[in-house]
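The values are calculated or read from the model by the stated rules, or taken from the named source; none is laboratory data. It should be emphasised that the depicted structure is a prediction, and the values quoted were computed from it without experimental measurement. Backbone-built Cβ (ideal geometry, glycine too); neighbour counts: all protein chains shown. The protein model used for the area step is the full one, side chains on, heavy atoms only, and it has no ligands, DNA or RNA in it. Shrake-Rupley method; radii C 1.70, N 1.55, O 1.52, S 1.80 Å.
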Amino acid sequence: MEYMVVYSSKTGNTKQVATEIFSALPGMSKDMQNIEEYNGKDADIFFVGFWANRGSCDMSVIDFISELEGKKIALFGTCGFGGDEEYYKTIEQKVSVWIPDDCEYLGAFMCQGKMPMQVREKYEIYMEDPKQEAWRKKMLQNFDEALLHPDETDLMNAGAFVKQVLKKI
């Protein structure tokens with residue numbers, strides 16, 4: 001098999017991006033599986049997707065990436081905090097360190113994704129300290145903006161990422 005898309009998705013955002021990446025891959029020699037259902041299918045190129053968990057990825061993705069040997073690997077992910085390329089790069093760095101040395105790293109794509117309502121509920125509690133109140137309002141604004149993601153532009157960019165990766169090969 002040429003391509004394998006493996007992803008971890010807690011809220012459906014990363015699955016949505018994984019589906020777009022899978023669709024953008026050429027040919028018929030490809031497959032896509034949730035990391036929990038991954039059955040060991042081998043491929044030349046792995047697209048590995050994750051949801052951001054405290055600035056990194058969840059342990060299932062770390063375990064999966066760490067066990068790949070001699071593969072070409074591209075990462076993609078979603079996170080609640082969007083529009084900050086520096087934050088995306090920080091996440092990419094924290095996840096890409098788990099790629100074994102004998103693998104070829106092909107880059108990463110990140111985009112914003114909606115968060116569970118419990119997150120918003122935490123931010124709704126008024127804070128008397130003006131600095132904390134300003135932070136709280138910023139978090140509520142980000143949460144509300146994240147509800148619209150991944151959007152059409154994010155998915156288009158995911159497809160463009162696939163084309164960029166394929167040009168590197």
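A few notes on this one:
- Selection from the stretch 34-73 of residues that are in contact with a Lys or Arg (Cβ under 9 Å, 6 or more places away or on another chain), under 22 Å from H149 (Cα atoms) and not in a loop (DSSP other than H, G, I, E, B): N34, G49, W51, N53, S56
- In the stretch 40-53, the residues that are open to solvent by 50 Å² or more (accessible area, probe 1.4 Å) reach residues that are of a type in the set (K, R) with C-beta atoms within less than 9 angstrom, at least six apart or across chains, in these pairs: D42/K71; D44/K71; D44/K72; W51/K10; N53/K10.
- Counting only residues that are surrounded by 13 or more Cβ atoms within 10 Å (Cβ to Cβ), farther than 26 Å from T153 by Cβ and more than 16 Å from the chain's Cα centre (by Cα), the stretch 6-39 holds 2 of them.
- Among (1) open to solvent by 30 Å² or more (accessible area, probe 1.4 Å); (2) more than 30 Å from S23 (Cα to Cα) - the single one L140 does not satisfy: (1)
- Of residues in the stretch 67-87 being surrounded by fewer than 13 Cβ atoms within 10 Å (Cβ to Cβ) and small (G, A, S), the one farthest from Q16 (Cα to Cα): G70
- Residue tally, condition within 17 Å of A18 (Cα to Cα) and polar (S, T, N, Q), over the stretch 41-62: 1
- Looking across V48, V61, V5, one residue alone is in contact with a Leu (Cβ under 7 Å, 6 or more places away or on another chain) and β-branched (V, I, T). It is V48.
- F81 vs. criteria farther than 30 Å from K41 by Cα, touching a residue at least 24 places away in the same chain (Cβ under 8 Å) and under 14 Å from the mean Cα position of the chain (by Cα): yes
- Residues in the stretch 88-130 that are more than 17 Å from F46 (Cβ to Cβ), open to solvent by 70 Å² or more (accessible area, probe 1.4 Å) and not in a loop (DSSP other than H, G, I, E, B): K89, Q93, K94, M117, Q118, E121, K122, P130.
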